[in-house]
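Asker: Provided herewith is a single structure, encoded as structure tokens, for subsequent inquiry.
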Amino acid sequence: MVQRHRHYYGEDPSQWGELFLPEVPDGGAHRGVAVVIHGGYWRSKYGAELGEPLAVDLATHGMAAWNLEYRRAGNGGGWPHTFRDILAGVDTLQELAGPHVLDLAKVVALGHSAGGHLAVWAAGRDRLAQLGLEAEHREMATKDDGVRLTGVVSQSGVLDLAEAEKLNLSDGAVANFLGGPPSEFPGRYRYADPMAALPLDVPVYAVHATEDGDVPLAMSTSYVEAGRSGPVPAQLVTVPGDHYALIGPGSQAYRKCRGFVQELLR
């Protein structure tokens, strides 16, 4: 039987997550945590209800899952608040580890679409201070002792932010998210782009649906190509279906993603 516990990590109504936990033997701990980060092109009309079926499925298959909500553009999010929320939400696992017997040696993010962007971006948090963007780094107010992601499964993630802006994906979603065009905020665009933090030293599976009409396959292929020479090259995996097949728990596309999460948590 899966248990669920809601916890807030801030005062805003969108600063919360739900922890879905499988049963463990008495005295046992949950081996690792999967952080589910929903998509929706960072807009407020899409919320954590998109990630809930995935978190339930992961817990049903024996994994602790943290379905993370965050402020989005239109309800107090955007730059820098969405980014702060993602890191704060992940870091909240430190507080939950004791009460819920979580082993944080392995923490893996599963992110869909814009959530894939945020998941891969968060995996590069250690590299952000090295980008030479001191003003943006101060705005982020990152801390040095947070929870480090040990792997990411990106589901048709928006992993090449500069190109996504050029393509005007989802009617200007990137500019809406970051507060304006790259000509006005070049530092924000570089800081927010997962491409800038390459190479990463954690495994990333860039899973992309072959019939995805919302996020072009190039968002994943560009990222994988750019990081090919790094210590842990990202892996491109294509799966059948459209954009939403990736978050349908009964689909082949999603089952592939679940398998990668299981592998990364071993």
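Asker: If you stretched the chain out fully between A135 and Q262, how much longer would it get, using 0.36 nm times the residue separation minus the C-alpha to C-alpha distance?
Answerer: The span from A135 to Q262 would gain 41.9 nm if fully extended.
Asker: Along the Cα-to-Cβ line of E184, 7 Å from the Cα, sits a label point; which residues in segment 74-91 have backbone N less than 19 Å from it?
Answerer: Within reach of a label on E184: 74-83.
Asker: So for each of 164-177, 61-74, 230-243 I average, over its residues, the number of other beta carbons within 10 Å; can you give me the resulting order with the highest mean first?
Answerer: 61-74, 164-177, 230-243
Asker: Oh, and also: Can you tell me the Rg and the Dmax, both Å, for the Cα atoms in segment 1-94?
Answerer: My reading of the Cα-based Rg and Dmax gives 13.6, 44 Å.
Asker: Hey, for a label at R228 modelled as a point 7 Å past Cα toward Cβ, could you say which residues of segment 143-161 have their backbone N under 12 Å away?
Answerer: Output list for this probe position: empty.
Asker: Which percent of Cα pairs goes in each bin when the distances of segment 117-266 are cut into 10 angstrom slices starting at zero?
Answerer: 11, 39, 36, 13, 1
Asker: Mind ranking 50-60, 149-159 by how tightly packed they are, going by the mean number of other C-beta atoms within 10 angstrom, highest first?
Answerer: The packing order, highest mean first, is 149-159, 50-60.
Asker: Going Cα to Cα from K45, which lysines come in below 23 Å? Please leave out same-chain ones fewer than 8 positions away.
Answerer: Cα-Cα hits under 23 Å: none found.
Asker: In nm, what is the difference between 0.36 nm times the number of residues separating D171 and Q235 and their Cα-Cα distance?
Answerer: Stretched out fully, the D171 to Q235 stretch lengthens by 20.2 nm.
Asker: What is the packing order of peptides 194-203, 92-101, taking the mean over residues of other C-beta atoms within 10 Å and listing the highest first?
Answerer: Packing proxy ranking, top to bottom: 194-203, 92-101.
Asker: Still on this structure: For a label point 7 angstrom out from the Cα of D144 toward its Cβ, which stretches of segment 158-202 have the backbone nitrogen within less than 20 Å?
Answerer: Once the point is set 7 Å along Cα→Cβ of D144, 201 turn out to lie under 20 Å by backbone N, inside segment 158-202.
Asker: Now a separate question. What are the principal axis extents of the Cα atoms in segment 63-175, in Å, biggest first?
Answerer: 45, 31, 26
Asker: By how many nm would the segment from S44 to R255 grow when fully extended, if each residue of separation counts as 0.36 nm and the alpha-carbon distance is taken off?
Answerer: Taking S44 through R255 to full extension adds about 73.2 nm, to one decimal.
Asker: Over the chain, what percent of the accessible surface lies on carbon and sulfur atoms, probe 1.4 Å?
Answerer: Answer for the chain is 48 percent, counting heavy atoms of protein chains only.
Asker: Something else about it: P(r) for segment 195-238: what percent of alpha-carbon pairs falls in each 10 Å bin, starting at zero?
Answerer: Percent of Cα pairs in each bin: 31, 51, 18, 0.
Asker: What Rg and what Dmax come out for segment 158-230 when only alpha-carbon atoms are used, in angstroms?
Answerer: 12.6, 34
Asker: Can I get the semi-axes of segment 78-141's equivalent ellipsoid? Compute them from the C-alpha gyration tensor as square roots of 5 times the eigenvalues, in angstrom, largest first.
Answerer: Computed over segment 78-141, the values are 23, 14, 11 Å.
The values are calculated or read from the model by the stated rules, or taken from the named source; none is laboratory data. The model shown is predicted, which means the values in this text are computed figures rather than measured ones. Virtual Cβ from ideal backbone geometry, glycine too; neighbours counted across all protein chains shown. Areas reflect the complete protein model, heavy atoms only, side chains present, ligands, DNA and RNA absent. Shrake-Rupley method; radii C 1.70, N 1.55, O 1.52, S 1.80 Å.
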